[in-house]
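Bear in mind that the values in this text are calculations on the coordinates, not laboratory data. The shown structure was predicted, so the numbers you read here are calculated from the model rather than taken from an experiment. All Cβ positions, even for glycine, are placed from backbone atoms using ideal geometry, and neighbour counts span all protein chains on display.
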Amino acid sequence: MATGKINVSVENIFPLIKKFLYSDHEIFLRELVSNGTDATLKLKHLISIGEAKVEYGNPIIEVKVDKEGKKIHIIDQGLGMTADEVEKYINQVAFSGAEEFLDKYKDSAKDSGIIGHFGLGFYSAFMVAEKVEIITKSYKDEPAAHWTCDGSPEFTLEPADKTSRGTEIILHIAEDSLEFLDDSKISGLLNKYNKFMPIPIKFGTRTETLPKPEDAPEDYVNETVETDNIINNPNPAWTKQPSELSDEDYKNFYRELYPMQFEEPLFHIHLNVDYPFNLTGILYFPKLGTDMQIQKDKIQLYQNQVYVTDNVEGIVPEFLTMLKGVIDSPDIPLNVSRSGLQADGAVKKISNYITRKVADKLKALFNENRADFEQKWNDIKIVLEYGMLSEEKFYEKAGAFVLYPTVDDTYFTLEELKEKLKENQTDKDGKLVVLYAGNKDAQHSYIEAAKDKGYEVLLLDSPIISHLIQKIENDNSGLTFVRVDSDHIDNLIKKEENTISKLSDDEKAALKTSLEAYIPKAYSVQLEAMDSQAAPFIITQPEFMRRMKEMSQTGGGGMFGMGNMPEMYNLVVNTNSDLASSILNTEDKTHQEHLVKQALDLAKLSQNLLKGEALTAFVKRSFEMIK
Ligand code: ADP
């Protein structure tokens, strides 16, 4: 038996590793199963180039838990190692790898948020084990080797009697890690990290019921057999060519990824690039409402089919983190911090590629089947609008597929909308006026009034819409957006002729005085001659103030800290209405006040502004009136 001392500069590398990676001990299993996978794939390669003259067979990796013996076994049928190779790869390569990792990690640990802790490799075994054994037999005609190490730099290496090719790693689980001896813990980890690894992974057995034979007697009892319980799918959809996959295959894969998700995705985007970087994956657009709810099932990042993380911040453009699916790329550096990621050139390229692919796919979907795209619009708009705000490249491409629906479900692209508005919605400066509603119910009367005048009214109801409107306006689009309940829309749209006022200037001045006596200060009274059938009192809000307020509430755009801007309203009074005349001609001051207040409350009610005590008082007063 040979014994030796591993040459490391840090005497106690293991306690350090353990300490630094305190929260991620569980990755040992991923690392060891990955090593078994690598060993198997290497053998396959050696056979294919004629270097190894052995039978490949149907190799699997087996994970076994020995609860009584407090051991976990990880067994592969890969290329194995000779004693010399153990000396070289385990004592030298793996150790130096561990040291190097530690060096790197110590620096970047300051900058929290390292992804995945990849690359620690074999030595991660010591995060959970107090002693590790390797029993390995190379595919070469050499005796098997048995290596043992208790975590100190001393090891033993002796011959073993293993005859089958491959490597068995035996972990003697430490007292503080006994939780890993739970079957459910291990199957949970295999499911998390190894679900799509390319070599079948066996964990325990399964009882399978055999089909009933045709000539079975009445009292036949189904026979059962014990079969290997394979926990992974070695050929997940993203590793295949899009041409090999049907729509159903994509949907099935979605269910495989998110077994608890019952809603079907709206569409998928298959990513596949091998130059100048390697990236495959499938992204799905889930059904999203108007609220940007916190995502539970997130995009998963893999490297060569090994799960790394579901925190893809910095890799996928932020607006696409609302999507689901898988990205697999060996070119994403993993032992760097988040800020390091953002500075990385390759990562920036990957992020740009994904943005471009998503834009291209959306454009294609729009062109192939516009009706279908329109139907899905409400479920995807939030992502797209957010993308337009946050990624300039996406904004530039968005014209080809981003839609602006009207309150009556006609969908315009921006160009189509401009054509439409040219007909009769321009203001005095020649700008096209886009009228929009943010809520069909709350702004119902305003929408109806605008439609009656023949105006086109859009329904723009995303929580971030005010930011987008602002951006489009500032983008030399020749458009100006006005919500239907804003400073009276007729002022903004150029009109052929104004309605003649029934009141003289003196009468108007008198009316204004009477109104201002009873109307709260937050309202600025505006008199306007409108059609006599139009509403007598209308409350509007200055578009600019309201929009700024909304923007500050939804964040971004440097609008923080403007949350407590005052509420400001206009009270537009139709001087041609009968009510205006009544107010003007009522001598009794009490009765006049009554009229004004009741009318104001009605106007407030239609704008959803009458609440609480004021609403109660209004209802009571109204009942009195009809008694
Ligand atoms: P890495 O896998 O990143 O090279 P590791 O520390 O995990 O680093 O392993 C070091 C080396 O030990 C590997 O490169 C490989 O040559 C060898 N090795 C580890 N596990 C196995 C295994 N199951 N079968 C064959 N060789 C292995």
Q: Could you sort out which of LYS287/LYS451; LYS418/LYS451; LYS521/LYS611; LYS195/LYS324; LYS42/LYS131; LYS363/LYS440 sit more than 21 Å apart by Cα distance in this structure?
A: LYS287/LYS451; LYS42/LYS131; LYS363/LYS440
Q) Which order do peptides 169-175, 87-93, 474-480 fall in by mean Cβ count within 10 Å, highest first? A) 169-175, 87-93, 474-480
Q | Computed over the stretch 174-218, Cα set: Rg, Dmax in Å | A | 17.8, 57
Q: Taking the Cα centre of the chain as origin, work out the dipole magnitude from +1 charges on Lys and Arg Cβ and -1 charges on Asp and Glu Cβ, in debye rounded to 20.
A: 1320 debye
Q. What is the mean projected area of the alpha carbon convex hull for the stretch 501-627, to one decimal in square nanometres?
A. 9.4 nm²
(Q) Starting from the Kirkwood Rh over alpha-carbon pairs, what translational D in µm² s⁻¹ does the stretch 343-429 have by Stokes-Einstein at 10 °C and 1.306 mPa s? (A) 110 µm²/s
**Q.** C-alpha center-to-center spacing [the stretch 148-218, the stretch 384-411] in angstrom
**A.** 50 Å
Q | Qualifying aspartates and glutamates (Cα of each under 16 Å from Cα of LYS240; at least 8 residues distant if same chain) | A | GLU248, ASP249, GLU256, ASP274, ASP328
(Q) I need the fraction of alpha carbon pairs in the stretch 237-398 separated by more than 20 Å, rounded to a whole percent. (A) 50 percent
Q) Expressed as a rounded percentage, what relative contact order does the chain have, with Cα pairs under 8 Å and six or more residues apart? A) 9 percent
Q.
Taking only complete DSSP H runs, can you tell me which helices of the chain stretch 30 Å or more along their own long axis by Cα positions and average at least -0.5 on the Kyte-Doolittle scale?
A. 27-48, 345-368
Q: Report the percentage of all Cα-Cα pairs in the chain whose separation exceeds 35 Å, rounded to a whole percent.
A: 58 percent
Q. Expressed as a whole number of Å, what is the distance separating the alpha-carbon centroids of the stretch 414-493 and the stretch 567-627?
A. 28 Å
**Q.** Qualifying chymotrypsin sites (Phe, Trp or Tyr not before Pro) for the stretch 167-241 [loop in DSSP, other Cβ within 10 Å: at most 13]
**A.** TYR220
